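Comments concern the structure below.
The values are calculated or read from the model by the stated rules, or taken from the named source; none is laboratory data. Model, not experiment: these values are computed from the prediction. Here the Cβ positions follow ideal geometry from the backbone for every residue, glycine too, while neighbour counts run over all protein chains shown.
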Amino acid sequence: MEDKVLKEESLSKAIDKAVKHYSSLFVLPTFKKILMFLASLCIIGGTISTILLFPSIDGLVNGLTLGSSIFILNIIADYMLSKTFLRKDPIYNFRRLLGLSLFSWVFWFLLIFIGATIAVLFKDVTAWARFCLLGFSAVMILRLIVFNSTTFISNWRILCSSLVQPFSCIIPFLFLWSLKHSLTPGLWLFLPYSIIISLASSFIFTYTINNVAKRAVGVSSLSLFKAFLLNWIANLNAPFEKFLDKLGKEKDVEISILKFASSASKTKAVIVIPSIHPGPFKNVGSSLLSSMLKNNLEEKLDCVACVPHGLLGHEADLTSQRENEKVIKEVIAASRFKVSETKASPFVKVKHGAATACCQIFGKSALLSLSLAPQTTEDLPKELGLYLLEEARKIGLNHCAIINAHNSTDGEMNLADVLDDLKKAGVKSLIAAYSSKKSPFKIGASSILPKEFTLRDGMGPGGITSFVIEVNGQKAAYIVIDGNNMVSGLRERIISAVKSIGVDECEVFTTDTHAVNAVVMDRRGYHPVGEVMDNEKLIGYVKETVSSALSKLEKVKVSCVNITVPKVKVIGAEKLEKLCLLTDEALKKAKKISLPLFGVTGLLLILFLAFA
């Protein structure tokens, strides 16, 4: 198990590296702000660069005309691109094209000002033209790389989209230079020459970056990046899942189903604990599986269902929606079994070191949960679950459904330091619950989806589900919140609030849904439950569901089954770790080749301009 812990920590570090790069993504300003910034940059930049060379009223008029012309032509060029070559592209709408142009002009005007300054110092107007043409080439290279890296359109459309804006905007400069100074044939020849150099430079750069991923996982780096952007910007999951399907491997996954039914055989509540991780992010893979399973079970069985987190990590992420449907279909079919057990143990809570284990026995099956709260409780290895299952069988149990409460985040978790505590707490709770007197029991269940809490707040579509189980007078509440962990201390506040309304014992769980991931520009890319939510409102909703569950207490029977869904495609630890490290490797390669590649490119352009 120690080797597995080391692998888990290695994978966790790789994921952390990928998450850090996510926080460097940015959101463009509004359309009006981009338009305002672009107008200011073009008009002010064009005016100042012209006045530096021609400090007169005529120079001011020419400068204002130049700035206004390039702004208007830029608007027309980007609008035409959005309606023609990029019309069907889900990323590049008019606003994002203007954003790219704004970014391009920052580089272009920097070189224009350098050229204007040199022209003034050395009294050579052609220096202004030469540096402007150098900026023209830089913008072409930038746009070629950006479009190659971010869109799936054809190569000829990429070429046209890259050239239209710079060629449109160079026209006013060429016109002004022709009025003030006759341009040499060499400067005119620079235009086609710069296209060839720009194409070669951008191709070498993108080809080199693409090879990073091809060597690691067999697909190109930029294709993966494009697929991620399509999901992040346009909410399209199919392109990214297509890559995950290629990289994934088939695996048999186990699922524990605990079903409670009334004496009339009416299903009242279902707890499903799949050996599937609800990730990797947003609506990709199995990120929404917990709420999808809950909703489907409730619809098909007319009951209240919850899907807490099992003992596993991102290596068990499903690759696509097709795999989700396969799992859901199998779970629904398997959930129609008859229940037979009539007795349960009281709810037992045991603390050992940093770990807390909660256990309740139903017939010959145990429902066991593990937590490190108020310390960070993150993903726990499957091997820990196998160890506890073996210990459960040693004392005479047939099944042991194990939940990772995943209910506190406060910094990093060092699994090696707490693994022994988790083992001992789990075993002690199993023995204590098994030794307790078994009695007939009741269950009540309720669920709510708070309207004011969204994915951006950290609340998944599964909302809040509460089960209350009463055994021999003891009422124990199981509270499952569809979120990715919760802020440290909130669990304890919820438990205290629930106990104040007549509950004796309580544990709080999150589903670890990654549907909330990659929807906010936070350092983590998501908000844990309670970080930005109104905590008092959240606790109020929890109390509401618990009160409702208390009012619905009914004598029931229970049974637990374990099913195996064969040949489900998961990402796998090895491929996932490589994917997470790709961003780092690609950035390192980009930094390594940028200086020599663009240095040589710049030198070739400057040499041509120097003798033009």
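Below are the figures for this structure:
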read-out: The one condition in (1) in a helix (DSSP H, G or I); (2) under 28 Å from the mean Cα position of the chain (by Cα) that Leu597 fails to fulfil; value: (2)
read-out: Hey, Lys537 surrounded by fewer than 16 Cβ atoms within 10 Å (Cβ to Cβ) and closer than 30 Å to Ile114 by Cα or not; value: no
read-out: Residue within segment 261-274 that is assigned by TED's automatic domain parsing to the domain that holds Ser548, more than 29 Å from Asn155 (Cβ to Cβ), in a loop (DSSP other than H, G, I, E, B) and under 24 Å from the mean Cα position of the chain (by Cα) present; value: no
read-out: Members of segment 428-465 that are buried (at least 24 other Cβ atoms within 10 Å of the Cβ), of a type in the set (Gly, Ala, Ser) and not in a strand (DSSP E or B); value: Ser429, Ala433, Gly458, Gly460, Gly462
read-out: Evaluation of Gln375 against (1) in contact with a His (Cβ under 6 Å, 6 or more places away or on another chain); (2) surrounded by fewer than 24 Cβ atoms within 10 Å (Cβ to Cβ) (one fails), failing number; value: (1)
read-out: Single condition Ser340 does not satisfy, out of (1) in contact with a Leu (Cβ under 9 Å, 6 or more places away or on another chain); (2) modelled with pLDDT under 95; (3) farther than 21 Å from Asp512 by Cβ; value: (1)
read-out: Residues of segment 510-555 classified as within 16 Å of Val468 (Cα to Cα) and either in a loop (DSSP other than H, G, I, E, B) or out of contact with any Lys or Arg (no Cβ under 9 Å at 6 or more places or on another chain) (or both), total; value: 12
read-out: Filter result for the condition that a residue is small (Gly, Ala, Ser) and modelled with pLDDT of 95 or more, over Gly248, Gly310, Gly279; value: Gly310
read-out: Qualifying residue in segment 402-418 (condition: of a type in the set (Gly, Ala, Ser), more than 24 Å from Gly483 (Cβ to Cβ) and in the same structural domain as Thr342 (by TED's automatic domain parsing)); value: yes
read-out: Of all residues in segment 463-479 being touching a strand residue (DSSP E or B) at 6+ places or on another chain (Cβ under 7 Å) and among the small types (Gly, Ala, Ser), the one that is farthest from His309 (Cα to Cα); value: Ala476
read-out: Residue in segment 524-547 that is more than 29 Å from Asn211 (Cα to Cα), outside the structural domain of Thr454 (by TED's automatic domain parsing) and modelled with pLDDT of 90 or more present; value: no
read-out: Residue under evaluation Gly186, criteria (1) at pLDDT below 95; (2) within 19 Å of Gly63 (Cα to Cα); (3) of a type in the set (Gly, Ala, Ser); (4) outside any loop (DSSP other than H, G, I, E, B), criterion not met; value: (2)
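Conditions (1) in a loop (DSSP other than H, G, I, E, B); (2) under 30 Å from Gly458 (Cα atoms), marked per residue:
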site	(1), (2)
Arg336	yes, no
Lys351	no, yes
Cys359	no, yes
Leu370	no, yes
Leu389	no, no
Arg393	no, no
Ile402	no, yes
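Every residue, every condition in (1) in the same structural domain as Leu318 (by TED's automatic domain parsing); (2) in contact (Cβ under 8 Å) with a residue 40 or more places away in the chain, yes or no:
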| residue | (1), (2) |
| --- | --- |
| Leu174 | no, no |
| Phe190 | no, yes |
| Ser202 | no, yes |
| Phe228 | no, no |
| Pro239 | no, yes |
| Ile257 | yes, yes |
